[in-house]
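Note sheet for the following structure.
The values are calculated or read from the model by the stated rules, or taken from the named source; none is laboratory data. The structure presented is a predicted model; accordingly, all values stated were derived computationally and were not measured. When we count neighbours, we look across all protein chains shown, and the Cβ atoms used for this are built from the backbone with ideal geometry, even at glycine. What goes into the accessible areas is simple: the full protein's heavy atoms, side chains included, and nothing from ligands, DNA or RNA. Shrake-Rupley method; radii C 1.70, N 1.55, O 1.52, S 1.80 Å.
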Amino acid sequence: QVRAAAPAGYSGSWPRLSVWTGDADQVVDPANARLLAEQWSELHGHGAPSWSEADMAPARREVWGPVDRPAVELWTVPGLAHGYPIDSAAGHASTYVPDVGLSATAHIARFWGIA
């Protein structure tokens, strides 16, 4: 559907994507995060995740594409319900912005190369 929506003859690059989910989310099924990451990785021409990091405490990070510039990453945070994960050292926690000791903002900024 993404390719079909692109202008005729489009041969440019596709946006890189950082997907975040909590495995305890009861609002958005965590399986949707994986499907989204897989769809975008296919758009970039990648199949299965290229590599993963299980030691990104407290989360797991799976990556599609080259180590130096991955196309897609999927972060899964154990025990996280519906919310945006932060590290309270860098922000103030609230109901939907829980302190899990991991800053999604900092990691996304690094992924996009802006930090």
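Summarising the label geometry, the points placed 7 Å from Cα in the beta-carbon direction at THR105 and GLU42 lie 3.5 nm from one another. Working ranking of peptides 104-113, 69-78, 37-46 by packing, defined as the average number of other Cβ atoms within 10 Å per residue, highest first, is 69-78, 37-46, 104-113. Projected label points at ASP29 and ALA5, each 7 Å from Cα along the beta carbon direction, are separated by 2.1 nanometres. Of PRO98, PRO49, PRO15, which has the largest mean-square fluctuation in a 10 Å C-alpha GNM of the chain? For the chain, modelled as a Gaussian network with Cα springs under 10 Å, the answer is PRO15.
The simple spin-label model puts a point 7 Å past each Cα toward its Cβ; for TYR96 and TRP112 those points are separated by 1.9 nm. Relative to the longest principal axis of the Cα atoms of the chain, helix 30-43 runs at roughly 30 degrees. What are the ³J(HN,Hα) couplings of segment 84-96, residue after residue, when phi is run through the Karplus curve with 6.51, -1.76, 1.60 and θ = phi - 60°? Round to Hz, x for glycine and proline. Rounded to whole hertz, the list is 10, x, 9, 10, 4, 5, 10, x, 10, 6, 8, 3, 9.
Taking amide hydrogens as placed 1.01 Å from N in the peptide plane, the amide H of LEU80 sits under 5 Å from those of ASP23, ALA24, each at least 5 positions away in sequence or on another chain. Based on protein heavy atoms only, the chain ends up with 60 Å² per residue of surface accessible to a 1.4 Å probe. For TRP20, the residues whose modelled amide H falls within less than 5 Å of its own, excluding neighbours fewer than 5 places apart on the same chain, are TRP75.
Expressed as a whole percent, the proportion of Cα-Cα pairs in the chain lying more than 23 Å apart is 33%. With all protein chains in place and a 1.4 Å probe, the accessible surface of the chain carries 56 percent carbon and sulfur.
Of the residues SER11, SER103, SER88, the one that moves most in a GNM of the chain with alpha-carbon contacts below 10 Å is SER11.
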